[in-house]
Each structure stands twice: as structure tokens, then as C-alpha cells.
Number of protein chains: 2
Amino acid sequence: MAKAKRILKWQRDPAGMRLRILEAAKQEFAAYGLAGARVDRIAAAAGANKRMLYYHVGNKEDLYLEVLEGAYEKIRAEERTLDLEHLDPPEAIGRLIDFTWNYFLRNPEFLALLNTENLAKAKHLKRSTKVKSMHSPFVEMIRTVVTRGVESGDFRVAVDPVQLYISIAGLAFFYLSNSATLSVIFGRDLLKKEARDERLEHMIALVLAALTGKSTAAFVGAPALPSLEHRVV
Amino acid sequence: MAKAKRILKWQRDPAGMRLRILEAAKQEFAAYGLAGARVDRIAAAAGANKRMLYYHVGNKEDLYLEVLEGAYEKIRAEERTLDLEHLDPPEAIGRLIDFTWNYFLRNPEFLALLNTENLAKAKHLKRSTKVKSMHSPFVEMIRTVVTRGVESGDFRVAVDPVQLYISIAGLAFFYLSNSATLSVIFGRDLLKKEARDERLEHMIALVLAALTGKSTAAFVGAPALPSLEHRVV
DNA sequence: ACAGTATTTATCCAACGGGTTAATTTCACC
DNA sequence: GGTGAAATTAACCCGTTGGATAAATACTGT
């Protein structure tokens, strides 16, 4: 019988395959956590065979660490393009908040991955050499903004940049990462457009009011005391 | 051979058993998440047999939901004893922050459970009738404080109580829940005593400064710009 | 063309893990 | 002191899952 060699059964594409595997793995780990993730599902979603994961990346935990490192690289890379140095300090902080918020919104897997890693007490991250090095520049960027703000008189207080960043990230992270449970217990959809806009305004107003001492219009104008009924929908 | 009936192999204690199972389950789910938790480990830790879980509570997910409900009940119950109504508004908010922070510190499993439930998109919580009802009073408690603060002139702004609570919780939650990864990334131990104290001060100062417009001593005096080196340790 | 290597597929398996069945022991009440 | 229900134990079942093996197929340089 003719062996029908003309029909290619598959093409080689190691680089592409690797990317598809990592992308599929990211979604899977984000959706189910490390323990809940299934290697077979990752393979299927990547249009690959399970064996390929082991060939291209390694075992489940190696795969997970690679995904995690990639996630950190991506956000820190985007942050580097923020160019806060050329804005006046309050604007710079506002922009950082805005970016952080929208990045978290656009990349919900990032939040889930961080939670997963913290459940594991960062044991994978500790093994990672890549990740540790990429944060000093980021902290320095914020420190510069704060220093400039204090010198210009825009900020009445000098805050520890790490403390400030954790606060900014926390205001956004908790809201989004826990939106499912918060929506249930407070009986309103925290992810709908108006709620998201309101949250962003609230966060910016809160942080800038504390830093500058001046109440922004947004903060004052926030939809306070919406009604006696807390279900605003 | 003598049957040695005198020696009791075990005693009945259904109520106690149930409690031990729930406590063991809480630790297990908090430590490993829902998917990572092992029914056998829970049984062992409870000093019980695996079969007992199914006898006293139900399957793994029922067990998990019961643990989760218990966790919410516990924090809301403690919050109810805060008695914020009798404090003047800034003090009341400070106290709420202080309580939230310390509760999270004392009950790290609570944070882990919430993360686990959010990974599951709150699908268990949605089935729970108990939990939804117990949050309105809590929101009203905060709303009252805010209203009083605005009326007394202590607060220059009226904030949505839900928004405010999410911010307070977020400031504490993110720091503690993510302390493992953050400690690695920023190269300093965020859980050591001084760091914890500093964080609490920072949070109170941040929120109160935003609400009252007045900079508190604590906020100004925060260990800002610790040095050019961000590793403070 | 051809050899050698890189990539992919098709199976297999041993361990694990949730859940169940059935037998055993304790205790409350008569 | 006997009896039946409640509580507990021990043993097993069976689908799942991470990982491994070996064979097949495509590509590369010569």
C-alpha cells in the first residue's frame, strides 16, 4: 500500500510548542492552582501530547515555576515603560495606581498565580534566581517619585516606597482577587463597569489625599452613602 | 485467651470528634487548598478514621464549606464586639484597622481559606445561606461611623462603607497573605516584629490622613526613605 | 541520498486519593 | 444484664494522575 507520505502528519515547531505549552499552563495553574492543575489538560489545551511537557520544560513543578517567572517578568517589564520620572509626583502616583489596577484587571491569572505561590509559602520563588534581581529598579523608581514629591512640597510626607507600593497593590489586588467572595457577601457585582470605575477613583483619591493632604474632587465626589440599602445595583 | 474487655479501645465523643475534624480540616485546607488537601491527613490529624469525616460531616466539599462558614462566623462575631459606636469616628476607624490587622495575623488560615474560595470563584459560598445574611449589620456599623464622622466634621469626605472596608481589609490582607512572595521579592522579612508594627502604623496613618485630611504623627514619622538600600534588615 | 538528531505520538503503570462496604465496639435505655 | 442504635474501625474499590518507555516521524547538514 502507498504510504501517503505527502500528507504531513505534523510539523516541527519547538519554539511555538513551548509557548503554547507555557500559555496553556498559565491558564491551567491560574484556574486550578498548583495541586488542582492537570497535566493532561495543559497538554490538550496546548494542542500537544503530555510527553511534550516533559520534553520541553520538565515536570509539573518546573513548568509551574517557569510560568510564574514569566508572569513576574511581564508585569515588571510593562511597569518599566511607565516613565514616571517625567511626571510631577502626584500624577506619577496616580498613573502607577491606574496602571496597576488595569494590569490586574487585564491579567487575572497573575493574581491567581501569586496566591498559589503564597499558598506554597513562596517555596518555588525562593529557588528562582531570575526573579529576585528584577525588583530593585522598580523600588528605586518609586523612591525617586516620593523623594521628588517631598522636595517639591507636593507630598507632605515621606513614605517608605515598599510600604507605599504594597498599599497600592493591595488596594487593587484584594478587590480583584477576592471579588468573587466579596460580591457574594456584600450582595453586589463588584466587577461590573461602574463598580470598577468607582473603585479606581476611590483608590487614587485615597492614596493621593493621604500623600498630598489635599482632597481630590474624585474622592469627595465618590458615590458615598449610596442609600440606606447597601445593595447599590 | 482472656478478652481483656476492661481496656477501652476508644470512647464515644461525637461532638468532640466533630470539632476535632473541623479544626483539622481548617488547618489542612488552609495549608494546601481545596485540591491539595488530603482527606487522610485530616482524619489522621483529627485522631480519627477517614470514615468518620463522611459519617459526621459529609464529603470533602461539604467539609470544606462547613469550615469556610465557620471562619466567616468567627470573624464577624468578633467584629461585633468592637463597639465602634461609642468611639469618636477617627478612633473607631483606627480601631477597626487595628482589629482587622491583628485578626488576620492571629488567624492566617482565614486568609488562606478566602483565597482558596476565590480560586473556586466562590462557588461554595454561593450555595451557603448562612453567610450572606451576616454582613449587612457589619456594613451598617461602618456606615454609621462614617456618617457620624462627616457630621462631626472629623471626616471631610463621605465614603461608601463597602469601599472603605475593602480598602482597610485589602491593606492588611495583601500584605499578610502575600508576605511570602513579597518578602522574597523585596528582600526583607515582612513578618518580623518591627515590620509588622510599621505596617500597622502605615495603614492607620494612610486611611486616617485620607479621611480627616490631617496628617498623623505616625504617618509623618514613618521610617521613610530608610536608606538608599531598600533592604532594611 | 543518507545518517543522525530533534520532535512528536502511542501506550503503559504504579501510586495515590476519594469514597464505600461491612464488621466491630460502645453506650443509653429498658 | 441485654438489646438496639450510635459511633468507630479496618479493609477494600476503582478511577485518576503524574510520570516513564519505546517507537515513529520530521528535519538538518553533508
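Determine if the stretch A:129-138 includes at least one residue that is closer than 18 Å to A:LEU200 by Cα and in contact (Cβ under 8 Å) with a residue 40 or more places away in the chain.
The answer is no; no qualifying residue exists.
Scanning for something hydroxyl-bearing (Ser, Thr, Tyr), in the same structural domain as B:ALA77 (by TED's automatic domain parsing), under 23 Å from the mean Cα position of the chain (by Cα) and in a helix (DSSP H, G or I), does the stretch B:182-189 turn up at least one residue?
yes
So, A:ALA30, is that one buried (at least 16 other Cβ atoms within 10 Å of the Cβ) and not in a helix (DSSP H, G or I) or not?
Considered against the rule, which asks whether it is buried (at least 16 other Cβ atoms within 10 Å of the Cβ) and not in a helix (DSSP H, G or I), A:ALA30 comes out as no.
Inspect the stretch B:68-80 for any residue being without any contact (Cβ under 8 Å) to a residue 24 or more places away in the chain and within 30 Å of B:GLU151 (Cβ to Cβ) and give the result as yes or no.
Among the residues of the stretch B:68-80, at least one is without any contact (Cβ under 8 Å) to a residue 24 or more places away in the chain and within 30 Å of B:GLU151 (Cβ to Cβ), which makes the answer yes.
Please work out if B:ILE42 is β-branched (Val, Ile, Thr) and over 30 Å from B:ILE142 (Cβ atoms).
Numbers: β-branched (Val, Ile, Thr): yes; over 30 Å from B:ILE142 (Cβ atoms): yes.
It is true that B:ILE42 is β-branched (Val, Ile, Thr) and over 30 Å from B:ILE142 (Cβ atoms).
For the stretch B:49-61, indicate whether the set of residues that are within 11 Å of DNA strand D (Cβ to nearest atom), assigned to a helix (DSSP H, G or I) and buried (at least 20 other Cβ atoms within 10 Å of the Cβ) is non-empty.
yes
Report yes if some residue within the stretch A:106-117 is open to solvent by 60 Å² or more (accessible area, probe 1.4 Å), more than 21 Å from B:TYR175 (Cβ to Cβ) and assigned by TED's automatic domain parsing to the domain that holds A:ASN178; otherwise report no. Outline the logic, then answer.
Of the residues in the stretch A:106-117, the ones open to solvent by 60 Å² or more (accessible area, probe 1.4 Å) are A:106, A:108.
Next cut, more than 21 Å from B:TYR175 (Cβ to Cβ) only: A:106.
Okay, now just the ones that are also assigned by TED's automatic domain parsing to the domain that holds A:ASN178, so A:106.
Yes, some residue in the stretch A:106-117 is open to solvent by 60 Å² or more (accessible area, probe 1.4 Å), more than 21 Å from B:TYR175 (Cβ to Cβ) and assigned by TED's automatic domain parsing to the domain that holds A:ASN178.
Filter the stretch B:83-97 for residues that are in a helix (DSSP H, G or I), of a type outside the set (Val, Ile, Thr) and in contact with a helix residue (DSSP H, G or I) (Cβ under 7 Å, 6 or more places away or on another chain); which is farthest from B:PHE173 (Cα to Cα)?
Checked the stretch B:83-97; the qualifying residue farthest from B:PHE173 (Cα to Cα) is B:GLU85.
Could you count how many residues in the stretch A:164-181 are within 7 Å of another protein chain (Cβ to nearest Cβ), open to solvent by less than 10 Å² (accessible area, probe 1.4 Å) and not aromatic (Phe, Trp, Tyr)?
Number satisfying all stated conditions: 7.
Here is a yes/no grid of residues against (1) modelled with pLDDT of 95 or more; (2) away from DNA strand C (no atom under 16 Å from the Cβ); (3) open to solvent by less than 20 Å² (accessible area, probe 1.4 Å):
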{"site": "A:TYR64", "(1), (2), (3)": "yes, yes, yes"}
{"site": "A:LEU68", "(1), (2), (3)": "yes, yes, yes"}
{"site": "A:ALA71", "(1), (2), (3)": "yes, yes, yes"}
{"site": "A:LYS74", "(1), (2), (3)": "yes, yes, no"}
{"site": "A:GLU78", "(1), (2), (3)": "yes, yes, no"}
{"site": "A:GLU85", "(1), (2), (3)": "no, yes, no"}
{"site": "A:GLU91", "(1), (2), (3)": "yes, yes, no"}
{"site": "A:GLY94", "(1), (2), (3)": "yes, yes, yes"}
{"site": "A:ASP98", "(1), (2), (3)": "yes, yes, no"}
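The values are calculated or read from the model by the stated rules, or taken from the named source; none is laboratory data. Keep in mind that what you see is a predicted model, and the values were worked out from it rather than measured. Every residue, glycine as well, gets a Cβ built from its backbone with ideal geometry; the counts of neighbours run over all protein chains shown. Just the protein is used for accessible areas: all its heavy atoms, side chains included, with ligands, DNA and RNA removed. Shrake-Rupley method; radii C 1.70, N 1.55, O 1.52, S 1.80 Å.
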